[in-house]
Amino acid sequence: MISVPPLSLPQWQSDLSEFALHGTADAAARLLPHLKNSPVPVEAALAVHAACVHSALRSALAQRVPTVVALVGEGFFNTLAESYARANPPAAPQLSGWGEGLPAFIAAMPACAAYPWLGDMAAFDLALDRVAWVNPEATGPAVQLTPELALVASPGLAVLRCRHAVDRLRDAVAEATSGNEAALSAELLEAAPRCYVLWCAADAAVRCREISESLAEVLETLFLSDSGSETVPEIPAEGLAELAEALVSLSAIRLVHTAN
């Protein structure tokens, strides 16, 4: 009888992951001698394990980008998700945040070249998902205007730049899924630079609105810069006017009295 060298735990884990994600033959060859046939042959058991891994990853990704799934169909999405998982396997056991690299992956994937709006739609879906996980009672970034007044951002505040009308496209996809296929028109797929602001409202609903580039820059400068802002930097008058409009109509920013 030929003695089979034992596998260390790290090697076992590495081979199991390598086969599950990539189907690597060498990994399977090292694993098979250490497995025992049951009612299911060991080769089939490994294949089932790999299928379950990819099924779980596809499901997790589909929950984060539902509009992408609806746009390209389940078959194409399954292929896309499997390719993404092979190139970008999750680095943490929690899959709810996995998939952040999908927009860039789509942009570089030749099979997606015919869908130039797909990367934007993935970025929009992911942005919506991130805001949806925010605690609506959390305190957003704040900027002190005067000793008595401060601007306070809603939790989850985010600015998204893209080249397609992703909000209208998402709504059209929902209508088309409900039977109104005419809602998904070619006009919605035309490219044009756009900016959006997203935030979590007090009722825990995710809010989104298209905004101008100048307003996007104001929001980023005041609330989303890495260093943060304790006072209002010099902003063009147009930017301040648009910020005032945001305070009134967006509800993404609140004017708070801070005087005792």
(request) Of the conditions (1) among the acidic types (Asp, Glu); (2) surrounded by 12 or more Cβ atoms within 10 Å (Cβ to Cβ); (3) farther than 25 Å from residue 217 by Cβ, residue 120 clears all except one; give me its number. (result) (3)
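So, in the stretch 41-73, exactly how many residues are in a helix (DSSP H, G or I) and under 18 Å from the mean Cα position of the chain (by Cα)?
16
Of everything in the stretch 108-122 that's among the aliphatic types (A, V, I, L, M) and assigned to a helix (DSSP H, G or I), which residue is nearest to the chain's Cα centre (by Cα)?
By that ranking, first place goes to 122.
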(request) Among residues belonging to the stretch 189-222 that are hydroxyl-bearing (Ser, Thr, Tyr) and over 25 Å from residue 137 (Cα atoms), point out the one that is modelled with the highest pLDDT. (result) 212
(request) Within the stretch 138-173, work out how many residues are outside any strand (DSSP E or B), modelled with pLDDT under 85 and of a type in the set (A, V, I, L, M, F, W, C). (result) 1
(request) Quick one: in the stretch 38-51, of everything that is within 20 Å of residue 86 (Cβ to Cβ) and free of Cβ contacts under 8 Å to residues at least 12 places away in the same chain, which residue is surrounded by the most Cβ atoms within 10 Å (Cβ to Cβ)? (result) 47
(request) Only residues that are surrounded by 14 or more Cβ atoms within 10 Å (Cβ to Cβ) and either touching a residue at least 60 places away in the same chain (Cβ under 8 Å) or of a type in the set (Val, Ile, Thr) (or both): list them for the stretch 183-219, please. (result) 189, 196, 197, 198, 199, 200, 201, 206, 208, 211, 218, 219
(message) Here are the criteria: (1) more than 18 Å from the chain's Cα centre (by Cα); (2) closer than 19 Å to residue 199 by Cα; (3) in contact (Cβ under 8 Å) with a residue 60 or more places away in the chain. Tell me which single one residue 137 does not satisfy.
(response) (3)
(request) Kindly indicate which of 93, 89, 110, 155 is in contact (Cβ under 8 Å) with a residue 40 or more places away in the chain and not assigned by TED's automatic domain parsing to the domain that holds residue 174. (result) 89
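The values are calculated or read from the model by the stated rules, or taken from the named source; none is laboratory data. Since the structure is predicted, the reported quantities are computational estimates derived from the model, not experimental observations. Here Cβ is always computed from backbone atoms with ideal geometry, including for glycine, and neighbour counts include all displayed protein chains.
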